[in-house]
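Worksheet: the structure to be examined is printed underneath.
The values are calculated or read from the model by the stated rules, or taken from the named source; none is laboratory data. The structure displayed is predicted, hence computed values, not measured ones. Heads up, the Cβs are rebuilt from the backbone with ideal geometry, glycines too, and the neighbour counts pull from every protein chain shown. To get the accessible areas, we keep the full protein, side chains included, count just its heavy atoms, and leave off ligands, DNA and RNA. Shrake-Rupley method; radii C 1.70, N 1.55, O 1.52, S 1.80 Å.
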Amino acid sequence: DFYSLLSKLLGGRKKVVHVHKHNPTENAESDLVAEIANVVQKKDLAREITSHDERDNTILVRDRTQKFHRLESTLRPPGNRHFSLQQSKHDFHIEEAVEWTGLDLKLGQVSGLALDPENNLVVFHRGDHVWDENSFDSKFVYQQRGLGPIEQNTIIVLNPSNAKLLHSTGKSLFYLPHGLSVDKNGNYWVTDVALHQVFKLGAKDKEPLLTLGVPLQPGSDKNHFCQPTDVAVDPITGSIYVSDGYCNSRIIRFSPNGLYVMQWGEEASLGTSGPGQFCIPHSLALIPDLSQLCVADRENGRIQCFRLETGEFTREIKHKAFGRELFAVSYVPGGLLFAVNGMPYPGEAESVQGFVMNFSTGEIIDTFIPLRKSFEMPHDIVASEDRTVFVGDVHAKAVWKFASVEKMEHRSVKKAGIEVQETKESETVAEARLKNKPESRDPLKNMDKQHLVQQASSTGVSFVLITTLLIIPVVILLVILVFIRWRKPTVYGADGERKLDSSSGRILGRLRGKGGGGINLGNFFASHKGYSRKGFDRLSTEGSDQEKDEEDGTDSEEECSASPLPPAPSSS
């Protein structure tokens, strides 16, 4: 990927120079070209390195990838570096996918979630075991070993669309499951806080492929954990990172074979929490393209990020909306960070909810809560690149699915069979609502508004059709009435002439004479053989005369005050 990106960059040299015009410093441009040439030389050198092992090559690739990201950041104008995320800030809103049936699954306490390489949802739960005040003593030793391991399958794989069970494993292996991740090969990495261990399991293996820690023995040295919370595996180097944990405040790095490499972190001081200090490092999120590891520092209510190779602190993300606790964090390639917080303490206003953040700026882009049931203690979160989000709750024993508004509207339009143009219109309305109005705290109202917009667009066509059908006969009737009114002066031409002045009479007389000569029905039929006018002679015209007498005054006034009439329109 690095080579292809670099080749595109060098291939589009004109575009690079054009973009760099935003910084019109010739020295900066020459430095940039020299730096790119340096990277190209490294690329050529890499082809000659054939005797080094695979790990050295992958690290070299990572170094060059980081180099490219730094170059890419210099190429972009400063104001546009976060352009795509700023543009998308109001382009979507995360809401619960109410058609998701996974909320009705019978699960134990849901402690971990992950997505496998096929994007299926993997759930880690505790079956019939519960973590309560009787589970551990004051030295963090598990007190319920007599219950034995969980007899149910603790790892289940679900179809992310319909929650159909695809696979399950993990029976009779664990006591109190906690953290879960899936590596690029589909292996499951889990932690057990009762066993104080970390495990690697194949998708179809009943026994662990790798085990770290000593069973049921808490500790703080290189070989022991104390209630480890989460595990993450670097997809490039294969390095293993473990957050340890409830009674230790550290991040430990292991080699792909499980050998101890290094650790960092310390317990936060009373009332203060500096960089690298933890109060329950609870969840991990790898950012491979930036070579960083982000940690949900639970009781400090923040996210801390570190460099993968050195453990060097890089940044902190903290917002008042997080409250005192931040339980889990998940990263999506492209620069989005998802998180869930804990229940507020008595007297605090911050609500338990999910967050979407711009990783580059740390800014909160969106928040979301479920429509069905309520968050009680959301314990883990995982998101995919299409902004599909899953949240597992350890107290509610449930898994929610969330999706972006655009995606949900598109799916409903396809079901209804409506044209795609209507989807775009409804999305435009949704965008306008988000831009012109603060984000609603009641997602149910938002859904109702979207439903009304779709109803309006679907009923608009039928309303126009019915209105058109009603107007057509009215128009025809008006045309007939106008024609009859136009014909009245012809039938009663003599009376009308007597009521007009001499000049108006002469003009109308000519017009009526032409009309009588061209359209007189009696003369027309009389010209045919065998026709008698008796039928016409018997017609009564009293009603028409009365109407004429009543209207003549008004007609004559309008005609006298008006300018001379134009010639009569042609019948064609």
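Considering amide H positions built from the backbone, and no H for Pro or chain starts, which residues 5 or more places from residue 336, or on another chain, come under 5 Å of its amide H?
Sorted by chain and number, the residues that satisfy this are 359.
Ignoring ligands, DNA and RNA, what percent of the accessible area of region 94-414 is carbon or sulfur (1.4 Å)?
For region 94-414, the apolar C and S fraction of the accessible surface comes to 50 percent.
Calculate one ³J(HN,Hα) per residue across region 322-337 by plugging θ = phi - 60° into the Karplus curve 6.51 cos²θ - 1.76 cosθ + 1.60, and present them in order as whole Hz with x for glycine and proline.
Once rounded to whole Hz, the list reads 5, x, 7, 10, 10, 7, 8, 9, 9, 10, 10, x, x, x, 10, 10.
Report Rg(Cα)/(2.2 N^0.38 Å) for region 94-414, keeping two decimals.
For region 94-414, the normalised Cα radius of gyration is 0.93.
Arrange the residues 315, 126 by how much accessible surface each exposes, largest first, with a 1.4 angstrom probe.
Largest accessible area first, the list is 315, 126.
Calculate, for residue 314 and residue 471, the FRET efficiency according to 1/(1 + (r/R0)^6) with r their C-beta to C-beta distance and R0 60 Å; round to the nearest 0.05.
Step by step, r from the Cβ atoms, then E = 0.30.
Which ³J(HN,Hα) values in Hz, rounded to whole numbers, follow from the phi angles of region 224-237 under the Karplus curve 6.51 cos²θ - 1.76 cosθ + 1.60, where θ = phi - 60° and Gly and Pro get x?
Taking θ as phi minus 60°, the curve returns 10, 10, 10, 6, x, 9, 8, 9, 9, 10, 5, x, 8, 9 Hz for region 224-237.
For the cross-link pairs 106/373; 164/397; 184/206; 373/397; 200/373; 164/401, which exceed 22 Å when the distance is taken from alpha carbon to alpha carbon?
200/373
If R0 is 30 Å, what FRET efficiency do you get for residue 464 and residue 372 from their C-beta distance, rounded to 0.05?
0.20
Rolling a 1.4 angstrom probe over the protein chains, ignoring ligands and nucleic acids, what is the accessible area of residue 289 in square angstrom, nearest 10?
Surface accessible to solvent at residue 289 totals approximately 60 Å².
D for region 175-282, whole µm²/s, Stokes-Einstein with Kirkwood Rh over alpha-carbon pairs at 37 °C and 0.692 mPa s: what number?
235
I want to verify the translational diffusion coefficient of region 114-236 in µm²/s; compute it with Stokes-Einstein, Rh as the Kirkwood radius over Cα pairs, at 25 °C and 0.890 mPa s.
165
Over region 94-414, give the accessible area per residue in Å² for a 1.4 Å probe, as an integer.
Heavy-atom accessible area per residue stands at 38 Å².
Report the full-extension gain for the segment residue 259 to residue 104: residue separation times 0.36 nm, less the Cα-Cα distance, to one decimal in nm.
51.7 nm is the gain from fully extending residue 259 to residue 104.
Got a sec to turn the phi values of region 238-243 into Karplus ³J(HN,Hα) couplings, 6.51 cos²θ - 1.76 cosθ + 1.60 with θ = phi - 60°, whole Hz, x for Gly and Pro?
So the Karplus estimates, Gly and Pro as x, are x, 5, 10, 10, 10, 8 Hz.
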